[in-house]
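K.L.:
For reference, the structure I am asking about is given below.
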Amino acid sequence: MGVGYLFCCTKSSNSKEPVNKAVPRWRVFSLKELHSATNNFNYDNKLGEGAFGSVYWGQLWDGSQIAVKRLKTWSSKAEMEFAVEIQVLARVRHENLLSLRGYCAEGKERLIVYDYMPNLSLLSHLHGHHAVGGHLDWGRRMNIAIGSAEGIAYLHHHATPHIIHRDIKASNILLDSEFQARVADFGFAKLIPDGVTHVTTRVKGTLGYLAPEYAMLGKAKESCDVYSFGVLLLELLSGRKPIDQSSLTSHQTIIEWAFPLARRQRFEEIADPKLSGKFVKGELRRLVLVALICAQNKPEKRPIMLDVVDMLKGVSKEKLLNLEDNELINWLKAVVSCLSSLVVTVENPSRLAFAFGVAYTKLPFFIACLSLIHAMAIPLLQKAGSCSAFCSSCIRLSNLHLPTLQEDVIETVSQSSIRPLTVISHSFIELQFRYRMQFKKAVENNKEDHRLHKSWRRIEDGGGKLKMVATYRRR
């Protein structure tokens with residue numbers, strides 16, 4: 001496909017969507033002109049570098065500043081990504097999308113020219129050399145969240161045809177002189193014709209931001225961008241990376257970290273410490289909830305980006321109430337129901353540990369939920385003055401799994417949920433301690449079995465207990 005052909009369908013200027021009218025239309029640059037603007041692509045002009053190539057700062061003859069993306073090597077793959085990005089940028093104009101100034105395709109050189117963003121990327125302010133400057137106060141973070149969402153919503157709902165970005169992440173959110181967000185880098189974008197619900201394609205994107213169904217099946221649709229935005233929003237609020245790799249043994253995702261805190265209404269602990277407590281509590285709570293519903297595992301439960309924008313702005317309080325009710329309450333009741341069914345279906349107590357092991361692999365946050373449910377039952381039983389032994393067992397079980405969840409108390413669990421929990425607790429605690437001791441003895445008798453020792457350390461450290469118990473039972 002020739003590059004020139006891509007511009008025959010540029011979106012007309014009579015679009016009713018808000019655009020940045022100060023941004024000039026794109027044009028074709030000569031290689032000589034861009035060499036002059038970037039001082040022959042001098043190293044001192046380099047803004048960044050990635051797998052695609054390098055980005056350079058430049059200044060045109062009229063004094064305007066530009067950013068020039070120079071593809072590293074010429075290949076059919078690079079040519080395609082170059083063509084796709086120009087095709088997408090030529091079709092869209094919105095104040096929260098990075099504007100195309102032009103391109104150059106001479107010989108094997110492939111260059112794309114954009115507006116220069118003086119405050120670089122969101123990534124540099126969250127995790128890079130600008131992170132210590134304190135530039136991202138709460139007001140700016142709110143504006144970045146809303147602006148990014150509006151840019152993505154434009155791609156999904158107002159561009160013709162609709163566009164899936166496929167690589168929403170902090171480094172692709174650029175910041176202008178006023179810290180307004182501009183969604184950038186459309187090299188992985190997909191155009192979705194009318195009537196098409198999804199496209200099946202090779203997986204592109206960045207680990208930590210990928211929606212589960214896209215990572216596994218390669219089915220790209222708008223809901224994949226919604227998931228990525230949910231991760232990005234949590235990153236913006238907390239200052240944490242999408243995947244915590246500080247531990248060599250476990251890589252906790254930002255969703256796994258934030259969800260238990262939100263469930264316990266401890267929203268302030270999610271806020272970036274660099275904010276020093278200077279944020280609006282109601283807005284923080286709202287944005288955390290929006291992030292979590294965007295990052296649900298089931299794509300059909302994620303909102304569309306137009307609704308995300310409304311929720312971020314606080315326009316749709318009804319949607320927020322439904323969000324909190326469905327995600328933080330009904331979801332827990334579903335877990336209680338799941339556990340109750342285990343008691344019915346697994347009549348032989350000796351198989352209960354294996355059943356829990358199976359459930360652990362299928363149910364997200366299973367260990368956290370089990371401990372939480374026991375913790376929820378404690379105050380209800382104590383209030384009724386019954387079964388003090390069960391209360392003691394619950395505390396022991398909570399300590400055995402996740403000590404931080406011992407504090408969890410959500411009073412929405414009904415009395416009818418307690419009886420199956422009682423059956424589960426007595427059977428499971430007995431099995432847990434029995435197999436734990438057997439496992440320890442096996443480790444002591446097989447000191448050279450590194451696999452056993454590694455599993456035991458995980459149990460001792462508090463991670464993967466149910467899974468390890470089930471694994472040992474199968475042996």
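K.L.:
Above 26 Å lies some portion of the pair distances; for segment 104-235, what is it as a whole percent of all C-alpha pairs?
P.N.:
In whole percent, the share of Cα-Cα pairs in segment 104-235 beyond 26 Å is 27.
K.L.:
If packing is taken as the mean number of other Cβ atoms within 10 Å per residue, what is the order of 139-148, 261-270, 223-232, highest first?
P.N.:
223-232, 139-148, 261-270
K.L.:
Under the √(5λ) rule applied to the eigenvalues of the Cα gyration tensor, what semi-axes describe the equivalent ellipsoid of segment 122-315? Give them in Å, descending.
P.N.:
26, 19, 16
K.L.:
Note the full-extension length gain between ASN297 and ASP244 as 0.36 nm times their separation in residues minus their Cα-Cα distance, in nm to one decimal.
P.N.:
17.2 nm
K.L.:
Now, a different point. With a point put 7 Å past each Cα toward its Cβ, work out how far MET216 is from ILE304 in nm, to one decimal.
P.N.:
About 2.6 nm, to one decimal.
K.L.:
Next question. What list of ³J(HN,Hα) couplings, whole Hz, do you get for segment 221-234 from phi and the Karplus terms 6.51, -1.76, 1.60, once you set θ to phi - 60° and write x for glycine and proline?
P.N.:
The phi angles translate into 8, 4, 5, 5, 5, 4, 4, 4, 5, x, 5, 4, 5, 4 Hz.
K.L.:
Search the structure for amide H atoms under 5 Å from the amide H of LEU47, placed 1.01 Å from N in the peptide plane, and list their residues when 5 or more places away or on another chain.
P.N.:
Correct list: VAL55, TYR56, TRP57.
Where a number appears in this text, it was derived from the coordinates with a stated rule and is not lab data. Only a predicted model underlies this, so the values are computations on that prediction, with no experimental measurement involved. Backbone-built Cβ (ideal geometry, glycine too); neighbour counts: all protein chains shown.
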